[in-house]
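The values are calculated or read from the model by the stated rules, or taken from the named source; none is laboratory data. Note that the structure is predicted; figures quoted are calculated from it, not measured. When we count neighbours, we look across all protein chains shown, and the Cβ atoms used for this are built from the backbone with ideal geometry, even at glycine.
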Amino acid sequence: MPTENLLSIKDLVLHFNTQKGPVQAVDGVFFDLGYKEAVVVLGESGCGKSSLAKALLRLLPRNVSKYGGQVYLEGNEIMGMDEEQFRQNIRWVRMSLVPQAAMNSLNPVLKVGDQVAEPMIVHHGVKKEEAYNQAAKMFQHVGVPVDFLDRYAFELSGGMRQRVAIAMALVTAPALVILDEPTSALDVLTQANIFNVLKRLKKELEVSFVLITHDIATSSELADRVAVMYAGQIVEVSDAHRFFSEPLHPYSRMLMASVPRLRANVEPEFITGQPPSLLNPPKGCRFASRCPKRFAKCTEEPPVANVDGIQVKCWLYTS
Amino acid sequence: MTTRDVLLSIQDLHVWFELRRFGFGHAGYVKAVDGVTFDLHYGETIAIVGESGCGKTSLMKTILGINKPTRGKVIFDNKDISAFHAEDLRLYRSKIGYVQQDPFGALAPFMNIQRILEEPLIINGIKDPAERERRVRKVMEEVRLSPPDDFLHKYPHMLSGGQQQRVVIARAIILEPQLVVADEPVSMLDASVRVEILKLLRGLQEKYKLAVIYITHDLSTVRYFSERVFVMYAGNVVEKAPVNSIVHNPKHPYTQALMDATSDPDADNALKYRELPAGEPPSLVNPPSGCRFHPRCPQRIENLCDVEEPQDLQADDHLVACWLYK
């Protein structure tokens, strides 16, 4: 298996059982991520972004009906590991998560310092003082004053709580951190501040990020690579420079055109129609019903074409 | 009535909320809105931009007659709304529509769409059910929930976020108001739907010559929607300017910071850090003396900004509350 990639996902599948039948939340996701890189997973709500985060960390609810595929982390296949191996060696050791609305997921009755130190005690078996020192170090990295260790979550502002959640994910020095909508509930200035912190962490701690978001404009603050998700599938994986100047997949193009811009005077366009239900997604290309460029072939499942290193799941790019 | 007559006039408005210690002792005020003055003309659209906690929602609720002003006046159509009592207030509220931020939270889950849209008509005394249904159908066509028969008997949870927001907009305009207050109408929606809803609102605004107050924290959407922009910080309006002028040439250091922090999609963003003012917005119980932005301001003038409160100063076509423009 290639080891030059930190993370390599192949054909990841996660389906849920519901009363109405299986929901294909993640259905054949693939992308690679190098060391010290950040990949942005872009998509609308309900396209399976958060399920992807859960699938990677194996934080699964009980109604999973199908869970499979291959995930290589630092060269090791992690999907085949049993639960105990995964808990001891992967989750929060090599790969951790900043959950959606993380600032509201802190425990209100514990001091934030205790919460940030806890993963060190659990996973590395260190003494409490040492874990506290490590937590203090992380606080400095994310820009929270060290004396905040003794505070409770309600004593901190939204931006500070978000930083604490990031510190919690970083305290065990993982190689990969998954950020699920890290700034969606924050103000513009706080948001820009958090992205400054993340950029600095990427350099200083040599950590990689998977940034899951629907906000295209701010996602460009961190992106080295971009993966676009639509209806449970990846439709384009591209390099950030090429993606933000000229995306290839029709969905990516329309998504880019829908972004209101502050500095350029272009009228944003919207995408008509709605994403398909994941209960019973259409055969063939899932975007076909909204696509302005569809043609006869789109009723068949499109292959993943490789256009100068950009992977696009679209019939337009097959020769 | 010409289009340049004043519809709504806010005069030195203060909205303070009293803090109580142990439920009765006085412990100061939260000065949510602290001296705001502006005029809104017939058919004009303005945007109020600011971070959470800057008082924009309190300002809006005072305009809607939910909060009582502590000092100052809200004059709508030459009438002071604080003098209104039950019947006047109902009539006043029928002239202003309100588009909430979270459409799902704003729609009663146990009412179907027809019932939701009929409610304002019932309250305002339209007794004939056939007439009510005619108007409900008409307004649904306006917001492009068509054909109406597909939606009339659905409940809010059966609709997508964009459709729910259309219902909220339909409810806001069904009484043909003169003013619509839209509080972050698109912040809960997906990127692709966001533009659709903004365009819908703009279309309705142009068609009915509505006056709109668009409240947002997202500067990148204001230029598609408003003629003038007011920037609020810690209970004060710090800058008032026409939209194009503010986008290309922000004057107040806080507005400049907001502009700097707003990203456009560009891969080069990842290569550089953004310059941002340090710190966080101040407490509204005990705001800083002088200019409220001075502790965070990179361009502050010592012994002036921290002592004296800045007046509204004219700089080009902007009104800026900043000593730099004296």
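Yes/no per residue for (1) among the polar types (S, T, N, Q); (2) assigned to a helix (DSSP H, G or I):
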site: A:70; (1), (2): yes, no
site: A:81; (1), (2): no, no
site: A:115; (1), (2): yes, yes
site: A:139; (1), (2): no, yes
site: A:160; (1), (2): no, yes
site: A:165; (1), (2): no, yes
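Any idea which of A:259, A:266 is under 30 Å from residue B:256 (Cα atoms), in the same structural domain as residue A:44 (by TED's automatic domain parsing) and surrounded by 14 or more Cβ atoms within 10 Å (Cβ to Cβ)?
A:259
Do any helices (runs of 4 or more DSSP H) lying entirely in segment B:112-175 carry at least 3 residues that are on the phi < 0 side of the Ramachandran plot and either in contact with a strand residue (DSSP E or B) (Cβ under 6 Å, 6 or more places away or on another chain) or in contact (Cβ under 8 Å) with a residue 40 or more places away in the chain (or both), and which ones are they?
B:113-123, B:161-173
For every residue, the table says whether it meets (1) under 21 Å from residue B:204 (Cβ atoms); (2) modelled with pLDDT of 90 or more; (3) not hydroxyl-bearing (Ser, Thr, Tyr).
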site: B:73; (1), (2), (3): no, yes, yes
site: B:87; (1), (2), (3): no, no, yes
site: B:99; (1), (2), (3): yes, yes, yes
site: B:110; (1), (2), (3): no, yes, yes
site: B:120; (1), (2), (3): yes, yes, yes
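If the Cβ limit is 6 Å and pairs must be 6+ apart or interchain, which residue in segment A:126-142 that is more than 17 Å from residue A:174 (Cα to Cα) pairs with which residue that is surrounded by 18 or more Cβ atoms within 10 Å (Cβ to Cβ)?
Note: pairs meeting the criteria are A:132/A:117.
Output the residue which, of all residues in segment A:150-167 that are buried (at least 18 other Cβ atoms within 10 Å of the Cβ) and touching a Pro at 6+ places or on another chain (Cβ under 7 Å), is nearest to residue A:95 (Cα to Cα).
The selected residue is A:162.
Restricting attention to segment A:3-34, which residues are of a type in the set (D, E, K, R) and modelled with pLDDT of 90 or more?
A:10, A:11, A:27, A:32, listed by residue number.
Name the pairs: first residue in segment A:240-264 and within 7 Å of another protein chain (Cβ to nearest Cβ), second residue basic (Lys, Arg), Cβ to Cβ under 7 Å, at least 6 apart or on different chains?
Pairs found: A:240/A:225.
One residue is enough: does segment B:257-265 have a residue meeting the conditions more than 9 Å from chain A (Cβ to nearest Cβ) and crowded, with 19+ Cβ neighbours inside 10 Å?
No; the residues of segment B:257-265 include none that is more than 9 Å from chain A (Cβ to nearest Cβ) and crowded, with 19+ Cβ neighbours inside 10 Å.
Would you call residue A:227 under 30 Å from residue A:75 (Cα atoms), assigned by TED's automatic domain parsing to the domain that holds residue A:138 and either in contact with a strand residue (DSSP E or B) (Cβ under 7 Å, 6 or more places away or on another chain) or polar (S, T, N, Q) (or both)?
When the stated conditions are applied, residue A:227 does not pass them.
Please go through (1) in contact with a strand residue (DSSP E or B) (Cβ under 9 Å, 6 or more places away or on another chain); (2) not in a loop (DSSP other than H, G, I, E, B) for residue A:195 and return the number of the only condition it doesn't satisfy.
(1)
Here is a list: B:20, B:4. Which entry is part of a loop (DSSP other than H, G, I, E, B), out of contact with any Asp or Glu (no Cβ under 6 Å at 6 or more places or on another chain), farther than 28 Å from residue A:184 by Cα and among the charged types (D, E, K, R)?
B:4
Taking only segment A:164-200 into account, find how many residues are within 23 Å of residue A:126 (Cα to Cα) and either without any contact (Cβ under 8 Å) to a residue 40 or more places away in the chain or in contact with a helix residue (DSSP H, G or I) (Cβ under 6 Å, 6 or more places away or on another chain) (or both).
Result for segment A:164-200: 10.
Within segment A:48-55, does at least one residue satisfy the condition of being small (Gly, Ala, Ser), outside the structural domain of residue A:138 (by TED's automatic domain parsing) and part of a loop (DSSP other than H, G, I, E, B)?
Yes, segment A:48-55 has at least one match.
Here are the criteria: (1) touching a Lys or Arg at 6+ places or on another chain (Cβ under 8 Å); (2) closer than 16 Å to residue B:323 by Cβ; (3) modelled with pLDDT of 90 or more; (4) away from every other protein chain (no Cβ under 12 Å). Tell me which single one residue B:228 does not satisfy.
Tallying (1) touching a Lys or Arg at 6+ places or on another chain (Cβ under 8 Å); (2) closer than 16 Å to residue B:323 by Cβ; (3) modelled with pLDDT of 90 or more; (4) away from every other protein chain (no Cβ under 12 Å), residue B:228 fails exactly one: (2).
From the residues in segment A:201-220 that are out of contact with any helix residue (DSSP H, G or I) (no Cβ under 8 Å at 6 or more places or on another chain) and more than 23 Å from residue A:257 (Cα to Cα), which one is farthest from the other protein chains (Cβ to nearest Cβ)?
Within segment A:201-220, the match that is farthest from the other protein chains (Cβ to nearest Cβ) is A:206.
In segment A:141-158, how many are more than 14 Å from chain B (Cβ to nearest Cβ) and not in a helix (DSSP H, G or I)?
Qualifying residue count for the region: 2.
Here are A:223, A:227: which of them is within 22 Å of residue A:49 (Cα to Cα), crowded, with 23+ Cβ neighbours inside 10 Å and more than 10 Å from chain B (Cβ to nearest Cβ)?
A:227
Quick one: is residue A:126 of a type in the set (A, V, I, L, M), more than 14 Å from chain B (Cβ to nearest Cβ) and closer than 23 Å to residue B:282 by Cβ?
no
Residue-by-condition table, conditions (1) among the hydrophobic types (A, V, I, L, M, F, W, C); (2) surrounded by fewer than 23 Cβ atoms within 10 Å (Cβ to Cβ); (3) at pLDDT 90 or above:
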site	(1), (2), (3)
B:153	no, yes, yes
B:162	no, yes, no
B:168	yes, no, yes
B:184	no, yes, no
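Every residue in segment A:275-301 that is without any contact (Cβ under 8 Å) to a residue 60 or more places away in the chain, crowded, with 16+ Cβ neighbours inside 10 Å and within 24 Å of the chain's Cα centre (by Cα), please.
Residues satisfying the conditions are A:276, A:285, A:286, A:287.
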